[in-house]
Every structure is written in C-alpha cells, then in structure tokens.
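Below is one structure, written out as structure tokens; comments come after it.
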Amino acid sequence: MSKVFYLQPDGVEKVIEGTDGESVMTTAVKNGVRGIVGQCGGALSCATCHVFLAEDELDNFSAPSEDEDDMLDCAATDREPNSRLSCQLLLREGSDIHVTIPSSQL
Amino acid sequence: MTTIDQPLADTAYPFLPVEPSEAARRYAAICADRPMTKMTMPIGGDAWIIHRNSTARAMLGDPRFVREPFRTGERTVPYFMEFPEFLKSTIQFEDPPHHTKLRRLVQKSISPKRVRGMRDSAVKFANELIDEMVAKGSPSNLVEDYSIALPIQMLANLLGVPPEDRPKFESWSASTLSVANMAPEQIAANMGELVQYMTALIEERRREPREDLLSDLANARDKDDTLTDAEIIPIALILIIGGFDNTANFIGQGVLSLFNNQDQLAVLLEDVDTVAPTAVEEILRHAAWEIGNPVAGMGALVPFVATEDVDLEGQLVAKGEAIMIDPNGANHDAIAMAEPATFDVRRADNPHLTLSFGLHHCLGAPLARMELQVAITELFRRLPGLRQDGPVVINYDNLTQPITSLPVAW
Ligand code: FES
C-alpha cells in the first residue's frame, strides 16, 4: 500500500491509497480524480495523463523513455523539467507519490 | 427484505426501442446483473457485447484483444451490418506493433498541444459563421449554417488544405456525410477524386513541408521508417470521415438536447466558459438520448477477438471469441456514474466511452472536444437567446440518424 497525493491547480488535494503495481494514472481514473484523463489507457499515445512530479521524488523513478519524452511534447499544458506521464509512474510499497495536476489536459 | 418501488426492469438484451427513461432503467439493471451478453449478430456470427463501464475499460486496455483476424479477412466482422472494405484497411483494424507506429506519428500531429494551437482559429471561424447567420437574419438552419461548416473548416486547416482548394475539398468530404445521403456510387466517385487530390497534396508537402498534418505525415520518420502514401491516405480519410460527420452530429444533438432541457441550458448560460467543457462531455455521453427519440438496447464500437482465454470481471471470454462494447450501456451504467438518465451539464465525474478508450481510442478526440467546446461556447455566448424555431428533421434511413435540419431563431 502506498499513497498518492493529487494536487489540483486550484490547490485542492486528494489523497488515494493505491494498489502497488498500478499506475498513478489508473489510480486517479479509478478514484475519480479530476484532471487526469488517461484516454489511451496507458499506451503512451494520448498525453492526457500529464502531471508534475514532486521535485524530491523525481529520482524514485527511472527517467522517461524516448516514447514518453516524445509524448510529453504533445501535452496540452507545456512541459516542465518535472513533467511525467502518470501512466508510466507505478506505485511501489512504502513510497508515497506527490503529483500536481496541470490546468488542462485537452 | 428489499422494498421494490418500481416493477423490476427487464434485463433482456438486445431490446427494441423504448422511451429513454425506460432504456436507462434497463441498462442499469443489465449492468447490475452481468458484465456482458453473448448475442448472435445480424452478420458474422456470435459475439460478446459488453455493458459495464469497468468491463469495457478492462477489455479496451487489454492487449490480448486484437483486430487482426478481421483485417486479414480470416474472419467476418461480427456486426449489425457489413463492414465497408476500405474501413478495414484503416488504423482502426491494425494491431501493435504496426498500429503503434502509425498511431504515434499521427497522434503527435493531432496532439492536445497542436489542437490547443488551433483553438483561436476555431473561435474566429465560429464567430464568422455566427456573423453570417446574424446578417442573414433568423431563422436559420443550424446544421447547414453552423454545425457542418465548423468541423469541415477545422479539418481542412489541420490537414493543410490551401484556402483556394477548400470548396472542392468541402464538397468531396461532404459527400461522405450522412446528412448528404448520397448514392454509394456517387460517394465512391467523390472519394476517388478526394484520394487523388490528397495524393498530389502529400507529394507537394513532401517537397515543401509546412506546419500541418499532411506535412508531418509525409515527412514522418519513425526510427528509419517513413510512411508510404498507402499508409497516409487511409489516416487522412478516417479523420475526414470519422471526424467531421460525427462532430457535426454532436453539435446538432448537443444544441437540441439543450433546447429540450431548458433548466440545463440556463445553467450553461450562467457561465458559458466554465460550464462548456463538462457540458460537452455530457453531450458526448448522453445527448443522443435527449433529442426526443426512443432508444434501442443495441449498437457497438468496432469488435475485437480474444487471442487467449481471458477472464473479464468474472466472465470467461474464450480464445477466438469476438467481443465489443455497447457505448450506450457503458455510458448509462449506474455502477460507474450517478443518475445516468439525467442530462447534467455540470457532471463532474463522467467516464463515458463515446470516444472509446485504450490503444484504439478516438484519434481525433482532442480535436473533437476542442471543436465541440468552441461550437457550444461561441454559439451561446453570442446568441444567448437562441431557441428552436420549427420542427427538427432527422434522417432515419442513415445508420447514424443525423439531424439534417434544426431551425433556430434568436
Ligand atoms: S494514459 Fe495516454 S499517455 Fe498516459
């Protein structure tokens, strides 16, 4: 069990206890977290699951693949150095994840 | 003991057209009862039809369901009608890895970012159309004057059709529209000319690329692979056919469903800019149920085949079985959403599957959403007193049952 903290652009935060091995995108979609669409279901072909990952958690994940990097350029909200596609961020036992949701995915 | 206020809904599927409220009751009962039903299709034998939203998502996100046997002709597509040959050659029927290559290349060119860049020109064009309507004076046929014109212009823009060729492009493309109701030979002739025109345009863009989708595709390189014309043309066609007919229909249905739900129209008018995005999702989910027609328990998106035995939420789908989702069910599943029968323009949690989901989700989804948002926002911002001014005409002969005339006044 680990927790994902979803911070909306308006400052509202939602905390979800997720299942290890599932992605930050799936966890959001299953729990009705606004602002993460995940239209392609994690196939890296929609860029509607864009999030900003907490700076101090960047190293907890391997760097974006070439395909993720490509798709990040397609996101509706301009990417930042801490941008990730949340379908690629998998929950792991004991490490919480903090993400900020961009103002628009579409 | 449970109290039963209403008689239990009939859970038989498929079902003949009934009042939308009754259809909603039945879909809710069916979804509560089971994730899917096996039925014999009018064409192509037996297939599973998924009702539940969560089951639909699980299937659409599972790579063990593929479309290859349909593409290769190894199997007839089980469906409600014959599937047109040319559709089988499109990206919809490809599976990974070839699908992945096509999909990514196209997706980048029609990405949320690219579409955001097109928004201003959509707003401008919508306003030009409204100016023309106002200049002509009411009443006006919204379908002709607005809902068809906007998507066709956006598509021409996206593909990179030069302004001087727009009239030709429009008439070829419009022949595929369900509202045009043309004879199949006429459509084929128009498509032939359209393909020829596109082929020449692709050649031109290969030599002199510009900032448009055809240039992107013509010059796309995926590692060391380029796209051939035979790959690009079907992509352009599916965008034209899938994109603009559907978008035009959704604009018409959306406006009519707002007219039919004056309380919801009032909610939208209070703050058009803020409400439009959720209103558009609700239109995608449910507007077809609010235009005054009965609803049948039937219909589905393009099918898949299971490559091995798969357990989907408790139902075994055996290797080789065909499976598809009925978006009507998934969009009215009371397990996945509150009060599915209610048209709620502020619905916050709206997991509809009208644009599908997963690997094969609608390629043009960002564009369609943007166009619908702009169409609804600008129309009601400029003409807040817009009202229906005469009977609507719906073409029941066509599968998509498009609205061909929606008289409006303001
Ligand atoms: S869900 Fe589509 S890219 Fe992440």
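The values are calculated or read from the model by the stated rules, or taken from the named source; none is laboratory data. Predicted model, so just to flag it, every value in this text is computed and none were measured. Glycine gets a Cβ as well: all are built from the backbone with ideal geometry, and neighbour counts include every protein chain shown. Each accessible area value is taken on the protein alone, full model and side chains, heavy atoms only, with ligands, DNA and RNA left out. Shrake-Rupley method; radii C 1.70, N 1.55, O 1.52, S 1.80 Å.
I'd like the carbon and sulfur percentage of the solvent accessible area for region A:7-106, probe radius 1.4 Å, heavy atoms only, ligands and nucleic acids excluded.
Working: 2050 of 4410 Å².
Carbon and sulfur together cover 46 percent of it.
Chain pair A, B: how much accessible area is buried, both chains summed, with a 1.4 Å probe, in Å² to 100? Write down the numbers at each step before the final one.
On the way: alone 5570 and 17970 Å², together 21750 Å².
The contact between B and A buries close to 1800 Å².
Ignoring ligands, DNA and RNA, please state the percent of accessible area on region B:115-262 from carbon and sulfur, probe 1.4 Å. Please list the in-between numbers first.
Details: 3220 of 6350 Å².
Summing carbon and sulfur atoms, their accessible area is 51 percent of the total for region B:115-262.
Near B:Tyr27, within a Cβ-to-Cβ distance under 14 Å, what is the net charge of the other residues, with Lys and Arg +1 and Asp and Glu -1? Numbers along the way, then the final one.
Numbers: positive: B:Arg25, B:Arg26, B:Arg34, B:Arg52, B:Arg285; negative: B:Asp10, B:Glu19, B:Glu22, B:Asp33, B:Asp326, B:Asp333, B:Glu339.
Around B:Tyr27, the charge tally is -2.
What number, in percent, do you get for the relative contact order of chain B if the mean sequence gap of Cα pairs under 8 Å and at least 6 apart is divided by its residue count?
Details: 623 pairs, mean separation 112.6, N = 410.
Relative contact order, chain B: 27 percent.
So how strong a dipole does the protein assembly as shown carry about its Cα centre when Lys and Arg Cβ are +1 and Asp and Glu Cβ are -1, to the nearest 20 debye?
Using only the charged Cβ atoms, the result is roughly 420 debye.
Rank these residues by their accessible area, most exposed first, probe 1.4 Å: B:Cys362, A:Cys87. The partial results should precede the final answer.
Values: B:Cys362 45, A:Cys87 15 Å².
The ordering from most to least exposed comes out as B:Cys362, A:Cys87.
Could you compute the net charge surrounding B:Lys124? Neighbours are other residues with a C-beta less than 12 Å from the C-beta of B:Lys124; K and R count +1, D and E count -1. Write out the running numbers ahead of the final one.
Numbers: positive: B:Arg119; negative: B:Asp120, B:Glu128, B:Asp131, B:Glu378.
Summing Lys and Arg as +1 and Asp and Glu as -1 gives -3.
Are there residues in region B:91-124 whose accessible area shrinks by at least 50 Å² when all protein chains are included rather than the chain by itself, and which are they (probe 1.4 Å, ligands and nucleic acids not counted)?
Buried by the other chains: B:Arg104, B:Lys108, B:Pro112, B:Lys113, B:Arg116.
Rounded to whole Å and sorted largest first, list the principal axis extents of the Cα atoms in chain A.
Principal extents (largest minus smallest coordinate, Cα): 31, 28, 25 Å.
Roughly speaking, what % of Cα-Cα pairs in the protein assembly as shown are separated by over 35 Å, rounded to a whole number? Don't jump to the answer; show the numbers that get you there.
Values: 45761 of 132870 pairs.
Percent of Cα pairs beyond 35 Å in the protein assembly as shown: 34.
In whole Å, how far is the Cα centre of region B:8-80 from that of region B:120-165?
37
Would you work out which of B:Leu301, B:Val272, B:Trp289 lies farthest towards the positive end of the dipole of region B:268-341? Charges go on Cβ: Lys and Arg +1, Asp and Glu -1.
B:Leu301
What relative contact order, as a whole-number percentage, does region B:9-50 give when Cα pairs under 8 Å and 6 or more residues apart are counted?
Details: 33 pairs, mean separation 13.6, N = 42.
Across region B:9-50, relative contact order equals 32 percent.
Can you give the convex hull volume per residue for the Cα atoms of region B:334-410, as a whole number of Å³?
Cα convex hull per residue, to the nearest whole number: 157 Å³.
What aspartates and glutamates could a cross-link reach from B:Lys319, if we take a straight Cα to Cα line under 18 Å and drop same-chain neighbours fewer than 8 places away?
Those aspartates and glutamates meeting the cut-off are B:Asp46, B:Asp62, B:Glu68, B:Glu74, B:Asp95, B:Glu308, B:Asp309, B:Asp311.
Across the Cα atoms of region B:187-340, what radius of gyration and what greatest pairwise Cα-Cα distance (Dmax) are found, in Å?
Values for region B:187-340 (Cα only, Rg and Dmax): 21.4, 56 Å.
Can you tell which of B:Val374, B:Val310, B:Val280 shows the greatest fluctuation in a Gaussian network model of chain B with Cα springs below 10 Å?
Highest fluctuation among the options: B:Val310.
I'd like the distance separating the alpha-carbon centroids of region B:253-312 and region A:4-27, in whole Å.
With region B:253-312 and region A:4-27 each reduced to a Cα centre, they are spaced 27 Å.
Based on Cβ point charges of +1 for Lys and Arg and -1 for Asp and Glu, what charge dipole magnitude is obtained for chain A about its Cα centre, in debye rounded to the nearest 20?
Details: 7 positive and 19 negative charges, 107 e Å.
Dipole size: approximately 520 debye.
Counting Lys and Arg as +1 and Asp and Glu as -1, what is the net charge of the other residues whose Cβ lies under 10 Å from the Cβ of B:His286?
On the way: positive: B:Arg285, B:Arg347; negative: B:Glu281, B:Glu282, B:Glu290, B:Asp344.
After counting each charged neighbour, the total is -2.
Using the heavy atoms of the protein chains and a 1.4 angstrom probe, tell me the accessible area per residue for the protein assembly as shown in square angstrom.
42
Quote the accessible area belonging to B:Lys124 in square angstrom, nearest 10, computed with a 1.4 Å probe and with ligands, DNA and RNA left uncounted.
130
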